[in-house]
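Down below is the structure, laid out as structure tokens.
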Amino acid sequence: MNKNLAWKLVVIVAILLLFVGGILGIPKDWSGAGLLASMKSQIHLGLDLRGGTHLILQVQVNDAVNVDSDNAMARLKEDMRTRKIGYADITKPDVANRPDLIVVKGIPPDKRGDFQSIVSDRLPEYETTSGAENSWTVSMKPQNLADLKNRAVAQAIETIRNRIDLLGVSEPVIQEHGLGQYQILVQLPGVDDPARVKDIMQSTAMLEIKQSLGGPYPSEQAALQDKGGVLPPDAMLLSGRNPRAAQGDEGEAWYLISRASAITGRDLRGAEPGRSADTNQPRVNFVLTGEGGRKFYNFTSQHVGDSLAVVLDNKVMEVATIREPIKDQGEISGGFTEESAKDLALTLRSGALPAGIKYLEERTVGPSLGADSIRDGVRAAIIGMVAVLFFMLFYYHWAGVNADVALLLNLVILLGFMGFFGAVLTLPGIAGVILTVGMGVDSNVLIFERIREELRNGKTPSSAVEQGFGHAWITIVDTHVTTIVSAAILFIFGTGPVKGFATTLVFGLAANLFTAVFVSRVIFDWVLSRKQRGEALSI
Amino acid sequence: MEFFKNSNIDFLGKKWYFLAFSLFFSVAGLVSMGHRWASTGEPVPLGVDFRGGTLVYVKYSHTPDPAAVHSEIERLGLKNARVQRYGESGNNEVLISLDIQETSEQALDKGKTQIIDALEGAGSSAHGGKQDLNNASSLTLARYLLEHDPLHLGVDANARYTAIGQSIVDYRDKTKGGVLSSLDELRGTVDPAVTASLQDGFYLSDFGVRNVEIVGPQVGQQLRKQAILATLYSLAGMLIYLALRFEWIYGVAAVLTVFHDTLITVGAFSLLDREISLTVIAAILTLIGYSNNDTIVVFDRIRENIKLLRRENLADIVNKSINQTLSRTILTAGLTFLTVLALFLFGGEVLRGFSLALVIGILIGTYSSIAIAAPILVAYQEWRTGRGQRPIAMPVRTGVGPNQVKGSAQPKEKVKA
């Protein structure tokens, strides 16, 4: 055969080997089990084949905005006091929908300028507008508000990633999901009981240390009565365990806690589970950062003799009196089991969630279903493929072998692509492979039918082959491009399993473009080169 | 061996039969959808992806009784639960579904936990506080074994017991389909000391949870929007591509054809009371692509023949083109149909809706290229000649306006070897 043809055959064999490499990777040993293991590490199975949990969460960004505006409000009050600006009232009128909105009433008209300068100097992310009757609205600038919300989502992703890493889940997927809805997609292969993971992910673990202004009270009303029926503006009521309750008693008590925090979770450097020296109960020890330690030292120095409350997720964990300034270490005790202390230390170590999260979607595929799905899918694929292979042989005689070789090569290239790109194989993806077989063989049918037609019209075999490929080429491109565009749209808009389907479809069609046109042609040329003059083409 | 060697069927002449056939099925589908819309508010049965709600797939170790399961669940206060047999009868599987009202976003998995509690029934307390081995994760098993240390491994037990826990779960799930009937079944897999230890802390319920799907209302709405957008973009892409490669009337004909295919397929789902899930939408988009392919093959041949047979009228050219491509059309349809039939019959229950959509879609898609797309082309040309205008569909041009003719320039799709 001529040199051109030989080179083309070499190229085909090289490509075959290349893509087999994509499927198998570099196996550690060449036995059956070794090859299978190697393949498993190259081709990633989707959750629906492997078993695992798929979650969609929404970050409650308003929580993060509320924290920021609470701090802004505290700073505003402090500054107004230092600048001696009197005011009647300062509130957040609509915490649910406008968490960034603060309304200050009763600023004397001669202090307008002062007030405005406070906002512009000390609260650069906020802007202020005057309203009726000496009232002012202070709200976040839109750009800053959007930034804060996006940062909350990014931080939530990081925190969740840390927590899941610490849990030891293999190959998790944690990424932003959807458009502009503050949603996060979490995929946990192999986790068939999501309850514990969800609890760990969800706990905001907002640790704050605040000054305790009163308590424990047996109820909210008792607390209010003690303050004359009105809650001081810089304090809030939080519930917690009653320290005087007997061991095991679930008694609840209420405390009056200052709104501003001495330290927050951001000042934490580390946390470890441990045991209380005197009671041997499980507890959590924490260590503060340098800056946090300094802040804490200042705070405790100024408040010796006062009470400190350790607040976790807005529940009072414990209250203690400050006997001397504390530098940078502390502990939280109160009603922990060994496991809950471990979990809390884990969540504290991974950083606090900047905002609460809500679950929007949960899917758990048990591994038994995954195994069944693989078995069914592969079985259908083999049956479908064998049917097509046989038919091509039967209908197109020796040319059928040509089509069958192209088909098998197609499969190898498709799986190889998936191995190279690290694409995920899902159950609809297996269906996509089956579909590619059916649609791929269409290209061969197009070409072969054209060749038969040309032969019928009296052309010689080699001319018929050339005409066949020539005319069919345009149609093949048209049909493949339209289906690939369809699949691309499916990939963009689809979720996990559907994305897998679109992937195998696109790779399969791309592979088909190569095998149907190049490989089939080369095989035909090779067959023709070995024929005698005037010998018929078996098709 | 060759089918359709020199066929010469007058397809266009039969167009009224085709129209009647299409109309029949379209109307049947529309009537079914309308009826469903009137009685339930949804034109087609929507899967949990779009409707929202909770689905729990459970496999029993014995033949389950849906009615008994339903009353158990109702007793716990879940009013809108539906319990039905699922999959092949030998599989002992049951599907329990809760509507969206029971699936609030405050506690998304509350319905699921309630169902599992109901199924456990008196289970845990009746067994003295033991845990259910059939629904335990490998982590739970490993932790229990670590605490009780039946093999007396001492310090380095963690890795060993984690592996043992995993192997028990693997055996239960991959070999036994998710449910163990008795601890004896573990005999070959783990040390008897381990089994004895497990017996103290675990009991075996008669069910195992295979699959859970919980979709909150927000996500359901989002997915619905995405599905519609994806379909519209697909159609738009098709229209643009075809208008560029052919004439715009070809694009319109193809889009109308695809509409017809989608309508009949969706109508079939309504008639057969089959749910439309995300994967079914993927199947529908795929069959749009397939039907389009099929139509393009015929259109390509028509375009080629228009250049060759300038003297003949469009109806004859179209007929001839269909006949010439008939062999390929039937063969490809047949082969693709073979593969999706294999999927439908052997691919398992999870893909059943998906493969059904493809089975129907491939048949209708092939039929429609011949029965709908081609007659639309001819009808349009006859309409234009009837109105005294120049027929737009021939000869082929690449310019913009309707009156530019390419003349003797070489066709731009020069054959490449």
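Quick note: the coordinates plus some simple rules give every number you see, no bench work behind them. Just so you know, these numbers come straight off a predicted model, no measurement behind them. We place every Cβ from the backbone using ideal geometry, glycine too, and count neighbours over all the protein chains shown.
Values computed for the structure shown
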{"read-out": "Cα-based convex hull volume of segment A:275-375 per residue, rounded to whole Å³", "value": "164"}
{"read-out": "Directionally averaged projected area (convex hull, Cα atoms, segment A:203-362), nm²", "value": "10.8"}
{"read-out": "Degrees separating the helix B:248-272 axis from the principal Cα axis of chain B, which is the longest one", "value": "40"}
{"read-out": "0 to 90° range, to nearest 10: angle between helix B:314-346 axis and chain B longest Cα axis", "value": "10"}
{"read-out": "Burial ordering of A:K3, A:K40, B:K176, fewest other beta-carbon atoms within 10 Å first", "value": "A:K3, A:K40, B:K176"}
{"read-out": "Relative contact order (%) - chain A, alpha-carbon pairs under 8 angstrom, separation at least six", "value": "19"}
{"read-out": "Trypsin sites (Lys or Arg not before Pro) lying in DSSP loop within segment A:82-139, provided at most 13 other Cβ fall within 10 Å", "value": "A:R83, A:K84"}
{"read-out": "Paired Rg and Dmax values of segment A:63-137, which use every Cα atom, in angstrom", "value": "11.6, 35"}
{"read-out": "Rg to Rh, two decimals, where segment B:141-234 supplies the alpha carbon set and Rh follows Kirkwood", "value": "1.27"}
{"read-out": "Value of [θ]222 nm, deg cm²/dmol, for chain B, DSSP H segments ≥ 4, -39500 (n - 2.57) each, nearest 500", "value": "-19000 deg cm²/dmol"}
{"read-out": "Chain B: Rg to Rh, with Rh as the Kirkwood radius over Cα pairs", "value": "1.15"}
{"read-out": "Long-range amide H partners of A:M317 with built H, under 5 Å", "value": "A:V310, A:V311, A:L312"}
{"read-out": "Label-point gap, in nm, between B:L309 and A:S538 - each point 7 angstrom along Cα→Cβ", "value": "3.5"}
{"read-out": "From the C-alpha gyration tensor of chain A, square roots of 5λ in Å", "value": "70, 28, 18"}
{"read-out": "Interatomic Cα distance distribution for segment B:2-122, bins of 10 angstrom, percent", "value": "11, 27, 23, 14, 11, 9, 4, 0"}
{"read-out": "Residue pairs, from the table A:K327/B:K110; A:K198/A:K227; A:K84/A:K149; A:K84/A:K358; A:K92/A:K358; A:K198/B:K174, whose Cα atoms sit over 32 Å apart", "value": "A:K327/B:K110; A:K198/A:K227; A:K84/A:K149; A:K84/A:K358"}
{"read-out": "Taking chain B and dividing mean pair separation by its residue count, relative contact order in percent (alpha carbons under 8 Å, at least six apart)", "value": "21"}
{"read-out": "Burial order of peptide ranges B:165-173, A:416-424, B:359-367 (average beta-carbon count within 10 Å, highest first)", "value": "B:359-367, B:165-173, A:416-424"}
{"read-out": "Gain in span if fully extended, A:F390 to A:L408, counting 0.36 nm per residue against the direct Cα distance", "value": "5.2 nm"}
{"read-out": "Value at 222 nm in deg cm²/dmol, rounded to 500, when DSSP H runs of n ≥ 4 in chain A each add -39,500 (n - 2.57)", "value": "-18000 deg cm²/dmol"}
{"read-out": "Beta bridges by DSSP in the protein assembly as shown, antiparallel share as percent, to the nearest 5", "value": "95"}
{"read-out": "Crossing angle, helix B:15-40 versus chain B [Cα axis fit, 0-90 degrees, rounded to tens]", "value": "40"}
{"read-out": "Dimensionless Rg over Rh [segment B:53-214; C-alpha; Kirkwood]", "value": "1.01"}
{"read-out": "Cross-link reach list, lysines versus A:K459, counting only Cα pairs under 18 Å and skipping chain neighbours closer than eight places", "value": "A:K531, B:K5"}
{"read-out": "Amide hydrogen neighbours beyond the local backbone of A:L360, cut-off 5 Å, H modeled", "value": "A:I56, A:L57, A:Q58"}
{"read-out": "Translational diffusion of the protein assembly as shown, µm² s⁻¹ [Kirkwood Rh, Cα pairs; Stokes-Einstein; 25 °C; 0.890 mPa s]", "value": "74"}
